[in-house]
1. Here are the criteria: (1) at pLDDT 90 or above; (2) over 15 Å from residue 17 (Cβ atoms); (3) open to solvent by less than 60 Å² (accessible area, probe 1.4 Å). Tell me which single one residue 67 does not satisfy.
2. Being at pLDDT 75 or above, more than 12 Å from residue 14 (Cβ to Cβ) and either polar (S, T, N, Q) or open to solvent by 50 Å² or more (accessible area, probe 1.4 Å) (or both) is the filter here, so list the residues in region 31-55 that pass it.
3. Go through (1) open to solvent by 80 Å² or more (accessible area, probe 1.4 Å); (2) modelled with pLDDT under 90 for residue 28 and report which single condition fails.
Amino acid sequence: LLKAGAHAVKLEGGVRMAEAVAACVRADIPVMGHVGLTPQSVHRMGGFKVQRDADELLADAQAVEDAGAFSMVVE
């Protein structure tokens, strides 16, 4: 994707995707994280649902940051 002109990739998910984020970062692929309501995972969640667990959201955001994402969408 980077060779085709993308500046980064966006990976949805927090704690469960942290290792994938870290692997991309180790391979010099810039990663934007996306936590909270993740539209591409809508079927896994059983439909669009408001995410209201603040502790889980913060843990997901922290995991993505710790894995090396340069920015994050919180939805």
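1. It fails just one condition, (2).
2. Across region 31-55, the qualifying residues are 32, 54.
3. So residue 28 meets the others, but not (2).
The values are calculated or read from the model by the stated rules, or taken from the named source; none is laboratory data. Predicted model, so just to flag it, every value in this text is computed and none were measured. Glycine also receives a Cβ, built like all others from the backbone with ideal geometry; neighbour counts cover every protein chain displayed. Each accessible area value is taken on the protein alone, full model and side chains, heavy atoms only, with ligands, DNA and RNA left out. Shrake-Rupley method; radii C 1.70, N 1.55, O 1.52, S 1.80 Å.
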